[in-house]
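Undergrad: Starting off with a structure, shown below.
Rule-based calculations on the coordinates, nothing more; no lab input. Bear in mind the structure is a predicted one, so any value in this text is a computation, not a measurement. Glycine also receives a Cβ, built like all others from the backbone with ideal geometry; neighbour counts cover every protein chain displayed.
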Amino acid sequence: MRRSLGFAVALLVGVAVLTAAPAGAAEPALRDLAAARGVYLGTATLASEFRGDPPYAAVLAREFGSVTPGNELKWDATEPRRGKFSFAEADAVVAQARSAGQLVHGHTLVWHNQLPGWLTSGGFGRSELRSLLRRHISVVAGRYAGQVRAWDVVNEPFDEDGTFRSGLWLDTLGPAYIADALRAARAADPGARLYINDYNVEGIGPKSDALLRLVQSLRASGVPIDGVGMQAHLILGQVPASMQQNIRRFVDAGFEVAITELDVRMELPSTPEKLARQAADYGAVADACLAVRGCVGLTVWDFTDRYSWIPSVFPGQGAATPYDEALRPKPARAALAASLSLSPSARRLRGVR
Ligand code: XIL
């Protein structure tokens, strides 16, 4: 009796010590907070970034439970010449993920961008292009079969009004390229969840309406489709008010949802006020995902301003990620941690699951 009491006291003290996080102790890693909530927290990364930058590599491994190769799985990287596949860079990202115990999110098999010249200027007819598409998917998804949690099989198939985006695939193959790609991906890696991924589908609107109709009609016709990726390349202060409701309608329809490319850009220079606003935006996105069981995870599109794609594509804008250029955590990182670690009662008070 006395012994078990002593043991219980020791156990309680131990738990108290472990949970009190004494001054100087490392803060909990975002990946662990996320795992405790039943979701993953991921980041995009490039082999060229972590290879030459040990401090970056250390944060990558410590904070994130999932990685998305930022460019290495795109068509121009994996099949730069017809039938000549190249996997060294993608292998490097997958190997680092494995060594850090991270999931891999596959990005992407069919897209209108970052296609090699031989493909875009090959003048291929319908049946040849269709077999090129199927073969590409079978080789790339086949190589990583069993190692990829989910694939963005098709990326950005929609225009803003919800019609299909014109480009090589739609123009030559018609909308059937989407079902073809999904079937080829399922055959190549039966264990991977298959997604359609797009931007400006975070809130309810014509584009997300079209995405929902598409995944429902694909499933109704027996085409393999498991989920949708909402990229979430957001502008400061513009998290859609309907985000949680939008996530919920996809989940209610039987699809999983992931936030796949989150960043929140602002006009440079950043100020403390903008960074505080940005933190609130990151927290709001995390809350929207956490509020819906079936929103499986959240991925930032690289975690430091040092490597963010924003300044090169949106001139004058940047500071979009949760860590600054010197790899110091920004308020957005604290907001993610807070959202991921709210106690059950605090979550109820804030209306979050
Ligand atoms: C971006 C990469 O981050 C850049 O390095 C590259 O130059 C262009 O593509 N939506 C997507 C991603 O689906 O693949 C894009 O990634 C960002 C927008």
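Undergrad: Semi-axes of the equivalent ellipsoid for segment 197-305, please: Cα gyration tensor eigenvalues, times 5, square-rooted, ordered largest first, whole Å. Let's see the in-between values first.
TA: Working: eigenvalues 154, 30, 28 Å².
Its equivalent ellipsoid spans semi-axes of 28, 12, 12 Å.
Undergrad: Now a separate question. Please identify the trypsin sites (Lys or Arg not before Pro) of segment 273-334 that satisfy two criteria: DSSP loop assignment and at most 15 other Cβ atoms within 10 Å. Which are they?
TA: Answer in residue order: Arg293.
Undergrad: Right, here's the next one. Identify which of Ser66, Ser308, Ser99 has the largest mean-square fluctuation in a Gaussian network model of the chain, with springs joining Cα atoms closer than 10 Å.
TA: Taking springs between Cα atoms under 10 Å, the residue moving most is Ser99.
Undergrad: Any idea how far apart Glu273 and Ala36 come out in nm if each label point goes 7 Å out from Cα toward Cβ?
TA: With each label point 7 Å from Cα toward Cβ, the separation is 3.5 nm.
Undergrad: Can you list the lysines whose alpha carbon sits under 28 Å from that of Lys274, skipping same-chain ones fewer than 8 residues off?
TA: Excluding near neighbours in sequence, the set is Lys330.
Undergrad: How much of the pair distance distribution for the chain lies past 39 Å, counting alpha-carbon pairs only, in percent?
TA: 16 percent
Undergrad: Same structure, new question: What FRET efficiency, computed as 1/(1 + (r/R0)^6) with R0 = 41 Å and r the Cβ-Cβ distance, is obtained for Arg62 and Gln245, rounded to the nearest 0.05?
TA: It comes out at approximately 0.75.
Undergrad: Between segment 88-158 and segment 306-324, what is the separation of their alpha carbon centroids in Å?
TA: 25 Å
Undergrad: How would segment 76-231 be classified by its alpha-carbon gyration tensor: rounded, prolate or oblate, with rounded meaning a/c under 1.5 and the a/b versus b/c comparison settling the rest?
TA: oblate
Undergrad: Please rank Asp180, Asp305, fewest neighbouring Cβ atoms within 10 Å first, as an exposure proxy.
TA: Asp180, Asp305
Undergrad: Would you mind calculating the relative contact order of the chain from Cα pairs under 8 angstrom and at least 6 residues apart, reporting the percent as a whole number?
TA: Worked out over the chain, it gives 15 percent.
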